[in-house]
Amino acid sequence: MATITINSTGNMNSALDYAGNEKRAMKNNTREWLRQNGVKEQAINTINGRVVHKAGANGLTVFESHDPQLATSLREVKNHFKIERQLNHQTAKKNQAIRIKQNFPRNDLDPLNPEDWQKANDLGVELMERAYPDYKAAVYTHLDSQQHQLHNHIIMSRVNSMTGKKFRDANAGDSLTHFRDINDEISREQGWNVLQRNKLV
């Protein structure tokens, strides 16, 4: 089953740089690992830096394209979020974004199957669309962790695109619980095992 972790960040740009910077080299000799395990060079050549797939959620447009003229650059994504913050008077340099990491075990999504790269990204977009549809997010899929698991780095704006107000949990941990509940629903729909979580009484 997919698992979720989240944390807040004051600096959206640094979060986007980590998740979506296509100039960063893949870690853990991943390109060679893919070659050694039979992934075709054509698929490997579609990887941009560490990003094997990218998309936007809830109204953010992030185009994946092998034509640099058509692909959405990281700078354009940063600029979109900056303009949204300015228009809604949310320019404080604290609590600009929430970072969500969605991990997929290798028995659920295969990092050696380029179709699963797309599927992982699609599931990240779906998570955002179900969990917080009024908050735009960029979804970047990587597979260069030490275990070569597919995982999404989701950078969610704290600005509500409908009201312009800043996202806040009513109670500490509410958003983590909500993300995990939606993630469990998606996992069940995929036919994956879902571990029973202990509920606080």
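The values are calculated or read from the model by the stated rules, or taken from the named source; none is laboratory data. Everything numeric here is computed off the predicted structure, so don't read it as measured data. Backbone-built Cβ (ideal geometry, glycine too); neighbour counts: all protein chains shown. These accessible areas exclude ligands, DNA and RNA; they are computed on the full protein's heavy atoms, side chains included. Shrake-Rupley method; radii C 1.70, N 1.55, O 1.52, S 1.80 Å.
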Open item on the list: Using a 1.4 angstrom probe on the protein heavy atoms only, could you order 82, 23 from most to least accessible area?
Closed with: 23, 82
TODO: In whole Hz, with x marking every Gly and Pro, tabulate ³J(HN,Hα) for region 33-40 from phi via Karplus 6.51 cos²θ - 1.76 cosθ + 1.60, θ = phi - 60°.
DONE: 4, 5, 4, 4, 9, x, 6, 5
TODO: Can you run the Rg to Rh ratio on the chain? Use alpha carbon positions and the Kirkwood inverse-distance Rh.
DONE: 0.97
Open item on the list: Can you work out the Karplus-derived ³J(HN,Hα) for every residue in region 127-137? Use 6.51 cos²θ - 1.76 cosθ + 1.60 with θ = phi - 60°, whole Hz, and x for glycine or proline.
Closed with: 4, 5, 5, 7, 6, 9, x, 9, 10, 6, 8
Task: Helix-derived mean residue ellipticity, 222 nm - over the chain, DSSP H n ≥ 4, -39500 (n - 2.57), to 500 - done: -10500 deg cm²/dmol
Open item on the list: Residue by residue through region 160-171, what is 3J(HN,Hα) from phi via Karplus (6.51 cos²θ - 1.76 cosθ + 1.60, θ = phi - 60°)? Round to whole Hz and write x for glycine and proline.
Closed with: 5, 6, 8, 9, x, 7, 8, 5, 9, 6, 5, 10
Task: Solvent exposure of the chain as accessible area per residue, Å², 1.4 Å probe - done: 54 Å²
Task: Residue (of 138, 160, 86) at the positive-pole extreme of the chain, dipole from beta-carbon charges - done: 86
- [ ] Over the chain, with every protein chain in place, what whole percent of the accessible area is carbon and sulfur at 1.4 Å, could you tell me?
- [x] 45 percent
Task: Under-5 Å amide H pairs with residue 50, H placed in peptide plane, nonlocal only - done: 24
- [ ] Taking H placed 1.01 Å from N in the peptide plane, check which residues at least 5 places from residue 150 or on another chain put their amide H under 5 Å from its amide H.
- [x] 104
Open item on the list: Can you give me the long-range amide H partners of residue 159? Hydrogens built in the peptide plane at 1.01 Å from N, cutoff under 5 Å, separation of 5 or more residues or another chain.
Closed with: 167
